[in-house]
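The values are calculated or read from the model by the stated rules, or taken from the named source; none is laboratory data. Remember, predicted model here, so these are calculated numbers, not experimental data. Counting neighbours? That spans all protein chains shown, and the Cβs are built from the backbone with ideal geometry, glycine included.
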């Protein structure tokens, strides 16, 4: 089963945890160096959260952003960090000319067939250019597994997850895909995220409802969505207990890699 959100993104909901979502991007950016001349592309730029950091790191380069969401691109434009913003689907996007860096933070997890996608992106790089990617690797954690289990149990006519597979590969999978394309560096990090109290919802639900939860919520009407969220909140309590102050520790696993293509 492949479920891709159909409605536009909600920047306000996504920004509720802006700092936690930005930290992995900055960790990835710290591993980028020694680029050839050329443009920097923020692929799946979203609301432009990482745009200012890219502009600061590469002040003499053109920074281009690509995203499929008009609402997110409007937010990205407001940052003033981008020289160009383009609405487009990552699966179909092509650079007009070879670029120095394709930087993608928490976006390729929405795009299928990485076995085809990543070699294609690598082919858009200038000699010595770099592809830098971070993607959530959280689909088997309770926070994400429960989205599938509960939606399938409550609304089997809408959700059949039996053939579903996460688009994000493990480190061995990316090692196989990137082998022969250039010099690759791969790692993963589990972030121990402390989510603030929320009187109206489980804090983990607040984190997932604007991202992974959209695979379910975008297909439900208001009444069904309320029923689903109530069941999801209750199930989350068993796996992510609240502290005395109502905050929740939420471990979140992410995959990273960089690929530098040969200089000649």
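At-a-glance table
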| read-out | value |
| --- | --- |
| Boolean, residue 162 is surrounded by fewer than 19 Cβ atoms within 10 Å (Cβ to Cβ) and out of contact with any strand residue (DSSP E or B) (no Cβ under 6 Å at 6 or more places or on another chain) | yes |
| Condition check for residue 231: assigned to a loop (DSSP other than H, G, I, E, B) and either in contact (Cβ under 8 Å) with a residue 12 or more places away in the chain or at negative phi (or both) | no |
| Qualifying residue in region 2-14 (condition: surrounded by fewer than 16 Cβ atoms within 10 Å (Cβ to Cβ) and modelled with pLDDT of 95 or more) | no |
| Residue satisfying condition, being part of a helix (DSSP H, G or I), surrounded by fewer than 23 Cβ atoms within 10 Å (Cβ to Cβ), within 18 Å of the chain's Cα centre (by Cα) and modelled with pLDDT under 95, within set 71, 53 | 71 |
| Residues of region 234-249 classified as under 20 Å from residue 140 (Cβ atoms) and in contact with a helix residue (DSSP H, G or I) (Cβ under 9 Å, 6 or more places away or on another chain), total | 6 |
| Sole exception among (1) modelled with pLDDT under 95; (2) more than 17 Å from the chain's Cα centre (by Cα) for residue 212, by number | (2) |
| Residue count, region 213-224 (criterion: without any contact (Cβ under 8 Å) to a residue 40 or more places away in the chain and surrounded by fewer than 17 Cβ atoms within 10 Å (Cβ to Cβ)) | 3 |
| In region 56-73, residue farthest from residue 99 (Cα to Cα) [restricted to those that are touching a residue at least 60 places away in the same chain (Cβ under 8 Å) and touching a helix residue (DSSP H, G or I) at 6+ places or on another chain (Cβ under 9 Å)] | 71 |
| Elements of type helices (runs of 4 or more DSSP H) in region 99-204, at least 1 residues being under 17 Å from residue 258 (Cβ atoms) | 114-122, 171-178 |
| Counted residues, region 174-184 - those being surrounded by 13 or more Cβ atoms within 10 Å (Cβ to Cβ), touching a residue at least 24 places away in the same chain (Cβ under 8 Å) and on the phi < 0 side of the Ramachandran plot | 5 |
